[in-house]
1. In deg cm²/dmol and to the nearest 500, what is the mean residue ellipticity at 222 nm of the chain if only DSSP H runs of at least 4 residues count, each as -39500 (n - 2.57), divided by the residue total?
2. Over the chain, what is the mean sequence separation of C-alpha contacts under 8 Å (at least six apart), divided by residue count, expressed as relative contact order in percent?
3. Looking only at the range 81-104, which residues have a backbone nitrogen under 14 Å from a spot 7 Å from the Cα of residue 53 in the C-beta direction?
4. If the viscosity is 0.890 mPa s and the temperature 25 °C, what translational diffusion coefficient in µm²/s does Stokes-Einstein give for the range 1-151 when Rh comes from Kirkwood over Cα pairs?
5. With θ set to phi - 60°, apply the Karplus curve 6.51 cos²θ - 1.76 cosθ + 1.60 along the range 246-259 and write out the HN-Hα couplings as whole Hz, x wherever there is a Gly or Pro.
6. Please pull out the direction-averaged projected area of the chain, using the convex hull of its alpha-carbon atoms, in nm² to one decimal place.
7. Using modelled amide H (1.01 Å from N, peptide plane; none on Pro or chain starts), what sits under 5 Å from the amide H of residue 172, excluding residues fewer than 5 places away?
8. Taking loop as defined by DSSP and a crowding limit of 12 other beta carbons within 10 Å, which chymotrypsin sites (Phe, Trp or Tyr not before Pro) in the range 140-212 fit?
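Nothing in this text is a laboratory measurement; each read-out follows from the coordinates by a stated rule. Because the structure is a prediction, the values reported are computed rather than measured. Heads up, the Cβs are rebuilt from the backbone with ideal geometry, glycines too, and the neighbour counts pull from every protein chain shown.
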Amino acid sequence: MASSDNENTRLDEAARAGWLYFIAGHTQDEIAKTLKISRASAQRLVSLCLAERLITFRLEHPISACMELAARLRDQFHLARCEVVPTDPAAPLAATGIAERAATLLEATLRTEKPTIVALGTGRALRAAVERVSPIDCPHHQIVSLVGNISTDGSASFFDTVGRLADRTKARHYPMPLPFLMSSKSVLEQMLRIDPIAKVRAVAAKADLRLVGVGQMDQAAQVYVDGFVSREELFEMRRRGAVGELIGWAFDAQGHVIEGGTNSRLTSIALQAPARGLTIGAAVGPAKVAAIRAALKGRLLNGLITDEATAGAILKR
């Protein structure tokens with residue numbers, strides 16, 4: 001108990017130092033004097049405040065280059081919404097920026113009074129976005145999964161988003177209680193007729209906002225790395241022309257959903273082309289450029305959150 005109390009006290013001190021430094025604008029010397037500690041201790045407390053995410057930041061200043069890229073993407077692909085964040089030169093593959101913008105979008109949606117259905121995919125970027133959503137009490141909204149998150153060995157995805165967002169918002173939530181892939185098309189058809197599953201899918205079909213990741217289909221494909229498809233299944237879809245996937249649905253370079261292969265056994269909510277409602281993809285990195293462009297070209301998405309380097313590469317193709 002004493003150890004826990006000491007830890008809480010330390011975090012309280014870190015939060016106070018962080019507020020004085022980042023919000024009130026005091027120097028570390030001034031913080032040391034205010035808190036009656038050494039300058040070195042003040043510096044450590046400020047660092048601890050950041051490390052423990054006791055304080056977070058969102059960039060509100062519009063950056064003209066990013067805004068210009070977003071406008072060009074909107075015009076070229078007829079997007080309802082597009083946001084481009086700066087690329088971090090030190091970490092060009094980092095999803096921090098797009099996760100922050102996705103979190104802002106989720107918060108703005110969930111703070112509305114009108115009952116809203118938010119449907120989510122899975123993956124690292126979306127999980128990072130959900131972790132950045134501030135706690136909100138909004139039980140009048142609904143959160144639903146677009147994809148089954150159980151792999152072939154029966155384990156659940158570590159990057160589940162629906163349950164975590166429900167924890168932070170107290171919204172009613174509907175996980176997809178299915179494996180990512182069924183063993184056959186006939187088994188899939190039987191499972192989809194089960195009443196609770198049909199009801200979850202009906203909720204997802206009425207979503208006001210769909211937020212999904214965009215996956216590439218190379219050997220670093222998330223669906224393969226996370227154990228949802230085998231190496232043989234991945235290569236089969238690539239032979240069929242797959243360049244990317246959205247909630248598991250593989251599509252070709254023109255943005256056409258591929259017939260057969262894993263798509264014939266997939267439990268995810270079907271993609272619509274053109275996308276209905278607001279369907280936003282969040283992705284970043286050179287490996288995903290072809291997949292993002294194809295999804296936009298096929299109008300599987302009508303919204304995009306990406307970074308400056310990725311946006312520029314999409315427009316150059």
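1. -12500 deg cm²/dmol
2. 18 percent
3. 95-104
4. Once the numbers are plugged in, D ends up at 131 µm²/s.
5. 10, 6, x, 6, 7, 9, 8, 5, 8, x, 8, 5, 7, 7
6. 19.3 nm²
7. Hits under the 5 Å cutoff: 141, 143.
8. Sites meeting the loop and neighbour criteria: 158.
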